[in-house]
Each structure stands twice: as C-alpha cells, then as structure tokens.
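To start, the structure itself, in structure tokens.
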Amino acid sequence: DLSTENLHFLSSRQALADLAHFRTVTAESRGLTNSKWVAFGGSYPGSLAAWFRLKYPQLVHASVATSAPVHATVNFP
C-alpha cells in the first residue's frame with residue numbers, strides 16, 4: 001500500500017530485488033529456466049537494467065541501458 005511506513009520499499013535496491021524475484025518466478029512458472037534473459041530500459045529504467053546485470057549476473061545474460069545516466073546521483077528522481 002502507499003502508507004508512510006512502506007516508503008522504504010521505494011528504492012533502487014528494492015526495485016532490483018523485485019526484478020530478480022519477477023525474473024526467477026516467471027522463468028520457473030513458464031519453463032524458461034534455460035533461456036537467456038536481456039534487461040532493457042531507458043533513463044532511470046536504463047540504469048536499473050545496467051545495475052540488474054551487475055548485481056544479478058546469474059539471472060540476466062545482458063542489458064541494454066539507453067540514455068542511462070552514468071554519474072551517481074543522490075535521490076535520483
């Protein structure tokens with residue numbers, strides 16, 4: 001829900017964990033465990049795609065990060 005106590009889930013770290021969970025559950029439920037996955041994204045999602053490949057290389061074969069910012073930014077909007 002959108003309650004104040006749940007705002008700590010709105011982070012790039014949590015978004016990456018959500019992606020990893022989605023990828024794992026989808027692969028298992030659809031019989032795609034031996035398939036190669038590629039993450040795509042532009043701007044902030046592009047950064048997530050690149051970070052996903054770095055953090056979970058066992059889950060994603062490659063990533064395409066279009067227009068992804070390359071400099072770290074605090075509180076990335």
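The values are calculated or read from the model by the stated rules, or taken from the named source; none is laboratory data. Not measured: the values here are computed from a predicted model. A quick note on method: Cβ atoms are made from the backbone with ideal geometry, for glycine too, and the neighbour counts reach across all protein chains shown. For the accessible areas, the whole protein counts, side chains as well, though only heavy atoms, and no ligand, DNA or RNA atoms are used. Shrake-Rupley method; radii C 1.70, N 1.55, O 1.52, S 1.80 Å.
Applying both filters, DSSP loop and at most 16 other Cβ atoms within 10 Å, to the chymotrypsin sites (Phe, Trp or Tyr not before Pro) of the chain gives 37.
Remark: the chain carries 75 Å² of accessible area per residue (probe radius 1.4 Å; ligands, DNA and RNA excluded). The alpha carbons of the chain stretch over 37, 31, 16 Å along the principal axes, in descending order.
Here the accessible area is traced with a 1.4 Å probe on the protein chains. For the chain, carbon and sulfur cover 59 percent of it.
For the chain, the longest principal axis of the Cα atoms and the long axis of helix 44-55 meet at an angle of about 60 degrees. Put 18, 1 in order of accessible area, highest first, and with a 1.4 Å probe you get 1, 18. Any chance you could give the angle, 0 to 90 degrees and rounded to 10, that helix 12-30 forms with the longest Cα principal axis of the chain? So the inclination is approximately 20 degrees. Computed over the chain with a Gaussian network model linking Cα atoms closer than 10 Å, the most mobile of 16, 32, 59 is 32. With contacts taken as Cα pairs under 8 Å and at least 6 residues apart, the chain reaches a relative contact order of 27 percent.
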